[in-house]
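What follows is a structure written as structure tokens; I'll ask about it next.
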Amino acid sequence: MQFISPLAADTDQGWTEAALLADIPEGGVTERKISGRSVLLSRRDGWVSCFDNACVHLGMPLEMGGGAEGGPHCRAA
């Protein structure tokens, strides 16, 4: 299993525990608050990804379940 986190890419503070692997459904997305910041944890094919819960063009929170393959999508799209 491999973990990639854009939140940890440019920091020397290390990792923050966000969830147990069992808390993230395979093929699904789970929202968590980390230091007051809403993030989405996605698990697919043995990979866990973490990204901001905000669309890149408006900064609005993403909705669950309506995007490609049931993933998150922008409410404005």
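The values are calculated or read from the model by the stated rules, or taken from the named source; none is laboratory data. Since this is a predicted model, take the numbers as computed values, not measurements. Every residue, glycine among them, receives a Cβ derived from its backbone with ideal geometry; neighbour counts consider all protein chains shown.
Filtering the stretch 34-55 down to residues that are charged (D, E, K, R) and loosely packed, with under 13 Cβ neighbours inside 10 Å, which residue is farthest from C74 (Cα to Cα)?
It comes out as D45.
Let me ask another. Is the stretch 15-27 home to any residue that is touching a helix residue (DSSP H, G or I) at 6+ places or on another chain (Cβ under 9 Å) and either among the charged types (D, E, K, R) or modelled with pLDDT under 90 (or both)?
Within the stretch 15-27, one or more residues are touching a helix residue (DSSP H, G or I) at 6+ places or on another chain (Cβ under 9 Å) and either among the charged types (D, E, K, R) or modelled with pLDDT under 90 (or both).
Now a separate question. Within the stretch 16-30, how many residues are over 22 Å from C74 (Cβ atoms) and part of a strand (DSSP E or B)?
1
Yes or no, residue by residue, for (1) part of a strand (DSSP E or B); (2) surrounded by fewer than 16 Cβ atoms within 10 Å (Cβ to Cβ); (3) at pLDDT 70 or above; (4) of a type in the set (A, V, I, L, M):
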| residue | (1), (2), (3), (4) |
| --- | --- |
| F3 | yes, yes, no, no |
| P6 | no, yes, no, no |
| A9 | no, yes, no, yes |
| Q13 | no, yes, no, no |
| R32 | yes, no, yes, no |
